[in-house]
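K.L.:
Have a look at the structure that comes next, please.
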Amino acid sequence: MLGNNCRYYPSCSEYSKIQFELNNPLKAFIVSIKRILTCNQLFKGGIDYPVIELNLKNIKYKKLPVKYWLIPLKKNKYYVIKAEV
């Protein structure tokens, strides 16, 4: 009815979806609620990629299609960017 009106990129729903796929449910719920509460005229908005904590040392790699790109932020923290297929 109102169209595409999210103040952030990626949209709040896409942000929440990524959080629930890659983080534990409690942390994903908290950061998703925080993001939704800041999606109003009092906040600037803009580009806000999800950040996840991940230890890549113990992961075994397989050939799979790329769904997300992980961009290093800090030690064991990564920005998550959705890969366009």
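The values are calculated or read from the model by the stated rules, or taken from the named source; none is laboratory data. Computed from a predicted structure; not experimentally measured. Heads up, the Cβs are rebuilt from the backbone with ideal geometry, glycines too, and the neighbour counts pull from every protein chain shown.
K.L.:
Residue by residue through the range 35-79, note down the ones that are hydroxyl-bearing (Ser, Thr, Tyr) and under 19 Å from Gln19 (Cα atoms).
P.N.:
Thr38, Tyr49, Tyr68, Tyr78, Tyr79
K.L.:
If you don't mind, another one. If you check Tyr79 against the conditions, is it at pLDDT below 90, surrounded by 15 or more Cβ atoms within 10 Å (Cβ to Cβ) and either part of a loop (DSSP other than H, G, I, E, B) or of a type in the set (Lys, Arg) (or both)?
P.N.:
no
Every residue, every condition in (1) modelled with pLDDT under 85; (2) surrounded by fewer than 12 Cβ atoms within 10 Å (Cβ to Cβ); (3) in a loop (DSSP other than H, G, I, E, B), yes or no:
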position: Ile33; (1), (2), (3): no, yes, no
position: Cys39; (1), (2), (3): yes, no, yes
position: Tyr49; (1), (2), (3): no, no, yes
position: Lys60; (1), (2), (3): yes, yes, yes
position: Lys63; (1), (2), (3): yes, yes, yes
position: Val85; (1), (2), (3): yes, yes, yes
